[in-house]
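Note sheet for the following structure.
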Amino acid sequence: MTIETHHLSLGETQLTVLDDGSFTLPAGYFLNVPDNVAAGLGETVTIGANVWFIRSGEKRILVDTGSAHALKQMFPATGQAWEDLQDEDPTDIVLTHMHADHIGGLADPHVFPDAQIHVSRAEWDFWTQEGLADAVPEDQRPMITMIQQVASGFADRAVLHDGESELAPGLVLEPLPGHTPGHMGLRVSEGNETLLIIGDAVISEALQFANPEISYALDGDAQQAVATRRALFEKCVDQNLTIAATHFAFPGVGKVVRDPDGFRFEAE
Ligand SMILES: [Zn+2]
């Protein structure tokens, strides 16, 4: 299968966005939705799924793996980039966070055996804590068990990062917590151009720019996610950053624009 790809360059750094498919979710996954916005929502909301491959100097960096086979049963339209991604030979894999739709490709511990896997320490410590499955509601247990199985498969290759952390010249990991405890983005800079991969700091471009207070059912700490989102929007406008997000419609790259009563996303 040939999937859609989108190519960008920042100086010598090449970035490819790969289309991993989509998720059709009950509209109820979005919480704290103002009445006037809720009135316009259908029963379901469809969101995209983007993953990124960066070539920079000697580094070939996969940013998230997509779902691969992990969620096919519930969401058959996911995991579409995995077949093509397996032909790549990443030196490094950055995980924005450890939800199944971002780490699914690592379910097989034998793929990309030479790649170092970068994740924030807060994220790693949260998901790998002993007894976590017993501490959550029963319906979340399969998700925890799956994440812990995948994590144990790459534990010996995991590189844990604290705070802002430089991966390579022009590539900086940047904490964006809330969606998960150690959720992070990746800032790619060359010359005076900067692109910030924001992962799941914003899930829906249609809903959360105009209303950053709208949260998502899988946000671990909704309040912190809202604070992160507001600060992120301010920063993106002030610094004229280009952003790339996981769940925006493919390819999900564009600018944040300030509106009289909120923000808006302008796709590139
Ligand atoms: Zn996600």
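The values are calculated or read from the model by the stated rules, or taken from the named source; none is laboratory data. Just so it is clear, the structure is predicted and the values come from calculations on it, not from any experiment. Don't worry about glycine lacking a Cβ; one is built from the backbone with ideal geometry, like all the others, and counts go over all protein chains shown.
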Take the residues of segment 187-209 that are more than 14 Å from the chain's Cα centre (by Cα) and polar (S, T, N, Q): which is farthest from the ligand (Cβ to nearest atom)? 192
Filter segment 7-50 for residues that are without any contact (Cβ under 8 Å) to a residue 40 or more places away in the chain, of a type in the set (S, T, N, Q) and not in a helix (DSSP H, G or I) and give the result. 9, 16, 44, 46
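Of everything in segment 239-263, what is under 20 Å from residue 7 (Cβ atoms), touching a residue at least 60 places away in the same chain (Cβ under 8 Å) and in contact with a helix residue (DSSP H, G or I) (Cβ under 9 Å, 6 or more places away or on another chain)? Give them in sequence order. Please lay out each step first, then the result.
Just the residues of segment 239-263 that are under 20 Å from residue 7 (Cβ atoms), to begin with: 241-246, 248-255.
If we keep only those that are touching a residue at least 60 places away in the same chain (Cβ under 8 Å) too, we end up with 244-246, 248-253.
Hits for segment 239-263 are 245, 246, 248, 249, 252.
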Contact list, first residue from segment 108-128 and in contact (Cβ under 8 Å) with a residue 12 or more places away in the chain, second anywhere and of a type in the set (Ser, Thr, Tyr) and surrounded by fewer than 21 Cβ atoms within 10 Å (Cβ to Cβ), beta-carbon distance below 9 Å, six or more apart or interchain, is 109/152; 114/91; 115/91; 116/91; 118/165; 120/165; 128/152
Could you list all residues from segment 100-117 that are touching a strand residue (DSSP E or B) at 6+ places or on another chain (Cβ under 6 Å) and more than 25 Å from residue 23 (Cβ to Cβ)? 115, 116
Output yes when any residue across segment 168-190 is crowded, with 17+ Cβ neighbours inside 10 Å, in a helix (DSSP H, G or I) and touching a Ser or Thr at 6+ places or on another chain (Cβ under 6 Å), and no when none is. no
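Considering segment 61-75 alone, what residues qualify as being within 12 Å of the ligand (Cβ to nearest atom), of a type outside the set (Asp, Glu) and under 14 Å from the mean Cα position of the chain (by Cα)? So that I can check it myself, show each step before the final result.
In the first step, residues of segment 61-75 are kept if they are within 12 Å of the ligand (Cβ to nearest atom); the result is 64-67, 70-71, 75.
Then drop every residue that is not of a type outside the set (Asp, Glu), which leaves 65-67, 70-71, 75.
Listed by number, the residues that qualify are 65, 66, 67.
Does segment 210-221 hold any residues that are aliphatic (A, V, I, L, M) and over 16 Å from the mean Cα position of the chain (by Cα), and which are they?
Initial filter on segment 210-221 (aliphatic (A, V, I, L, M)): 210, 214, 217-218.
Selection gives 210, 214.
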Mind checking which pairs have a first residue in segment 73-99 that is part of a strand (DSSP E or B) and a second that is more than 13 Å from the ligand (Cβ to nearest atom) and at pLDDT below 95, Cβ under 8 Å, 6 or more apart or different chains? 78/72
Of (1) outside any strand (DSSP E or B); (2) within 15 Å of the ligand (Cβ to nearest atom), residue 212 satisfies all except one. Which? (2)
Report the residue count in segment 230-248 for those that are surrounded by 22 or more Cβ atoms within 10 Å (Cβ to Cβ) and either modelled with pLDDT under 95 or of a type in the set (A, V, I, L, M) (or both). 4
Which of (1) surrounded by fewer than 22 Cβ atoms within 10 Å (Cβ to Cβ); (2) closer than 29 Å to residue 251 by Cβ; (3) of a type in the set (Val, Ile, Thr) is the odd one out, the single condition residue 198 does not satisfy? (1)
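Are any residues in segment 215-247 small (Gly, Ala, Ser) and more than 16 Å from the ligand (Cβ to nearest atom), and if so, which ones?
Of everything in segment 215-247, those that are small (Gly, Ala, Ser) and more than 16 Å from the ligand (Cβ to nearest atom) turn out to be 227, 231.
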Residue set 102, 110; condition crowded, with 18+ Cβ neighbours inside 10 Å and either more than 15 Å from the ligand (Cβ to nearest atom) or under 24 Å from residue 156 (Cβ atoms) (or both); output residue 102
Of all residues in segment 76-99, count the ones that are within 16 Å of the ligand (Cβ to nearest atom), polar (S, T, N, Q) and more than 11 Å from the chain's Cα centre (by Cα). 2
